[in-house]
Amino acid sequence: GAYCAFQHSLGTQRIVGGQHLLKSIISLAKLLRLKEHAGLKIGPHSVFLDLHDPRMLQIPNEVSPDYPDTSILKRFLADGDTFVDAGANHGSFSIVASKLVGTQGLVVSIEPQKRKADVIERSLAANGRCKYQVHRFACGDRTGMVEFFIPIGSSGGAGVFPEFSAV
């Protein structure tokens, strides 16, 4: 986490050496028989990461106060608001929003991937300021059951179309 935050402070968009770092983390986690999730404190946020997903290296950047995609939430969310994060992935937006909506607010995270939903649940519980709900299903324009393709390499490409999901 510190390495990723350091890279972000240098203004880099990608984590230099990220692939080697990820492979080392996964190998070490397997060798030491660690759980699939790791928790860390990033500024005011407690975050749990999926150790088997390369996108986890981006989470420290995404929850930092100056990250453009999450810092915009400060302009739109206030105490008592409800925030819905559809396709929450690791829950970066949900985690940041959990601090902004306060004790009277609500964060609703929707994430169909079980491992990602589990880390969101743990992260929101650890941040402990607002009420929250984590729903383990996908959103769409119709009701029904679909096959959901989750790539081995990264969670960001999951979806219902195999030709567009990085299977």
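The values are calculated or read from the model by the stated rules, or taken from the named source; none is laboratory data. In this text the structure is predicted, and so the values were computed from the model without any measurement. Glycine also receives a Cβ, built like all others from the backbone with ideal geometry; neighbour counts cover every protein chain displayed. When the accessible area is computed, the model is the full protein with side chains, heavy atoms only, and any ligands, DNA or RNA have been set aside. Shrake-Rupley method; radii C 1.70, N 1.55, O 1.52, S 1.80 Å.
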Checking Leu124 against (1) under 20 Å from Lys41 (Cβ atoms); (2) open to solvent by 40 Å² or more (accessible area, probe 1.4 Å); (3) touching a strand residue (DSSP E or B) at 6+ places or on another chain (Cβ under 8 Å); (4) touching a residue at least 24 places away in the same chain (Cβ under 8 Å), the condition it does not meet: (2)
Residue list for segment 28-58, restricted to those being in a helix (DSSP H, G or I) and without any contact (Cβ under 8 Å) to a residue 40 or more places away in the chain: Leu28, Ala29, Lys30, Leu31, Met56
Segment 128-139 residues that are farther than 18 Å from Val47 by Cα, paired with ones that are surrounded by fewer than 16 Cβ atoms within 10 Å (Cβ to Cβ) (beta carbon under 8 Å, 6 or more apart): Arg136/Lys114; Ala138/Val146; Ala138/Phe148; Ala138/Val160; Cys139/Ala86
Residue within segment 68-77 that is modelled with pLDDT of 95 or more, open to solvent by less than 50 Å² (accessible area, probe 1.4 Å) and assigned to a loop (DSSP other than H, G, I, E, B) present: yes
Which listed residue is in contact with a helix residue (DSSP H, G or I) (Cβ under 8 Å, 6 or more places away or on another chain) and not hydroxyl-bearing (Ser, Thr, Tyr), from Pro112, Pro68, Pro151: Pro151
Among the candidates Ile95, Ile110, residue that is within 15 Å of the chain's Cα centre (by Cα) and surrounded by 21 or more Cβ atoms within 10 Å (Cβ to Cβ): Ile95
